[in-house]
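Heads up: the structure comes next, in structure tokens.
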Amino acid sequence: MDKSPAVNPGARPKGETSEAAAAEHVRDLFDSIAPRYDVLNHLLSMGLDRIWWRRTAESFRGVLKRPEARVLDLCCGTGDLTAALLRLRPGDAEPITGLDFSTAMLDRARSKYSFANVQWVQGDAMHLPYTDGSFDLVTSAFGFRNLTNYAEGLAEIFRVLTPGGQIGILEANQPDGVRGWGYGMYFQHVLPVLGGLISGQRAAYRYLPDSVMRFPRPEQMLRMMRDAGFQQSAWDGYLLRAAGLYRGVKQ
Ligand SMILES: C[S@@+](CC[C@H](N)C(=O)[O-])C[C@H]1O[C@@H](n2cnc3c(N)ncnc32)[C@H](O)[C@@H]1O
């Protein structure tokens, strides 16, 4: 009998019971923190976010260097993973698509990277506005755990990938043991206070660490990816497993 803990179906900000209400809550939350998001992200991750975006992009150098490859960066937020992916594209490449449902986050991406070869699209990752087999690579950094239904989110990514297409999800993780305890202390106590003070949005910086604690552990997430049909599913832990990259291929 499988004794692993039940996996949460998806993100649920405090007090929300339905997927629709949870999604609206998450969108409003990112709209509210967008003005301070970048500053806080760099500060609270101690600058590691930049290293992790680059490392993730490097993992897909093979597909990115193909000019005709179609690339979707889901939950792109203010566009920093999108920009890291773009650095590895040849000059004549197809534009990357950066998609997010928060107007305020996307506006910041547009103004930060106004001349970049990117199409910024406002849309919902749970209902992508693309036909089956539209992309060769779908990435997401620190966005996937905010989806209100992980299994359906994976199915939607699978649907829009071409056969042979790749998925790359960079997500935070809660390490086990002593490291997990230290990480939990920082995440549950330091981050909400600092984030709340600087952004003025205390509830948002309560939700963010909670969403990491609720997110499936690597073995559970890999199982979900396999169930969605991905092959060669693997997780590469970054910095003592505080974050990591999930990869897989649609055969
Ligand atoms: C923590 S931010 C990450 C942004 C960026 N990828 C980064 O690495 O900084 C999560 C982003 O996911 C977006 N998001 C959450 N759920 C979404 C959904 N269902 N559809 C589209 N975007 C979503 C939010 O609006 C937010 O911009």
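Every read-out reported here was derived from the displayed coordinates using simple, explicitly stated rules and does not represent laboratory data. Treat the numbers as computed from the prediction; the structure is a model and nothing was measured. Here the Cβ positions follow ideal geometry from the backbone for every residue, glycine too, while neighbour counts run over all protein chains shown.
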- Among the residues of segment 120-128, is any within 14 Å of the ligand (Cβ to nearest atom), crowded, with 21+ Cβ neighbours inside 10 Å and on the phi > 0 side of the Ramachandran plot? no
- Task: Please work out if Gln251 is polar (S, T, N, Q) and in a helix (DSSP H, G or I).
- Result: no
- Return a yes/no flag: does segment 202-214 have any residue that is surrounded by 15 or more Cβ atoms within 10 Å (Cβ to Cβ), among the basic types (Lys, Arg), on the phi > 0 side of the Ramachandran plot and touching a residue at least 12 places away in the same chain (Cβ under 8 Å). no
- Would you call Ala104 under 12 Å from the mean Cα position of the chain (by Cα) and closer than 24 Å to Tyr205 by Cα? no
- List pairs: first in segment 17-31 and near the ligand (Cβ under 10 Å from one of its atoms), second of a type outside the set (Val, Ile, Thr) and part of a helix (DSSP H, G or I), Cβ under 6 Å, 6+ apart or cross-chain? Val26/Asn146; Leu29/Ala204; Phe30/Met105; Asp31/Ala104
- Query: Is it the case that segment 96-119 has a residue that's β-branched (Val, Ile, Thr), over 20 Å from Asp80 (Cα atoms), more than 9 Å from the ligand (Cβ to nearest atom) and surrounded by fewer than 24 Cβ atoms within 10 Å (Cβ to Cβ)?
  - Reply: no
- Query: Somewhere in segment 54-68, is a residue in contact (Cβ under 8 Å) with a residue 60 or more places away in the chain and within 10 Å of the ligand (Cβ to nearest atom)?
  - Reply: yes
- What number of residues within segment 130-165 are in contact (Cβ under 8 Å) with a residue 40 or more places away in the chain, surrounded by fewer than 17 Cβ atoms within 10 Å (Cβ to Cβ) and touching a Ser or Thr at 6+ places or on another chain (Cβ under 7 Å)? 0
